[in-house]
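Engineer: Quick one: this structure, given as structure tokens, is what I'll be asking you about.
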Amino acid sequence: MLGADSDDRQVSALPLGADADVALPPPRGEELTEEEQLLYERVVQRDESALLECFDRVGHVVYCMALLCSDGRASAEELTETVFVRFWQDPQGFGPAADGPLAVQLIRRMTEDLASGHEQPGAR
């Protein structure tokens, strides 16, 4: 239950596969917060503690979305790990040049990869 004042809308997860036609527009008017900007800069400088701090801040949100996009906990954990590894390996693909807060960027990247068939849960 979402809360006493929420309407009774049902939310269902749509499985994303190679044939899915999903395009998420970038959020407008949203940018990295100052705190996220500092974390992002530390990740670019290869500060592992900054990556762990990013995971602590937004990892649960990314994992929740991964649960909706996958077939179970193991796949969701793998998807979450994969997107954070990609963030570590290529932080310039995220951050100030991209649109939106860090959690939004990570989720967008994960769902785009799933929709295009690049990252399928269980595939390595």
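Engineer: Quick check on my filter: what residues within segment 71-98 are in contact with a Gly (Cβ under 9 Å, 6 or more places away or on another chain) and either open to solvent by 10 Å² or more (accessible area, probe 1.4 Å) or among the β-branched types (Val, Ile, Thr) (or both)?
Structural biologist: Hits for segment 71-98 are ASP71, ALA74, SER75, GLU78, THR80, PHE84, ARG86.
Engineer: A further question on this structure: Which of the residues spanning segment 36-68 are assigned to a helix (DSSP H, G or I), open to solvent by less than 100 Å² (accessible area, probe 1.4 Å) and of a type in the set (D, E, K, R)?
Structural biologist: GLU36, GLU41, ARG42, GLU53, ARG57
Engineer: I'd like the residue in segment 99-120 that is open to solvent by 40 Å² or more (accessible area, probe 1.4 Å) and not charged (D, E, K, R) and, out of all such residues, is modelled with the highest pLDDT.
Structural biologist: VAL104
The values are calculated or read from the model by the stated rules, or taken from the named source; none is laboratory data. Remember, it's a predicted structure, so these values are computed and weren't measured experimentally. A quick note on method: Cβ atoms are made from the backbone with ideal geometry, for glycine too, and the neighbour counts reach across all protein chains shown. These accessible areas exclude ligands, DNA and RNA; they are computed on the full protein's heavy atoms, side chains included. Shrake-Rupley method; radii C 1.70, N 1.55, O 1.52, S 1.80 Å.
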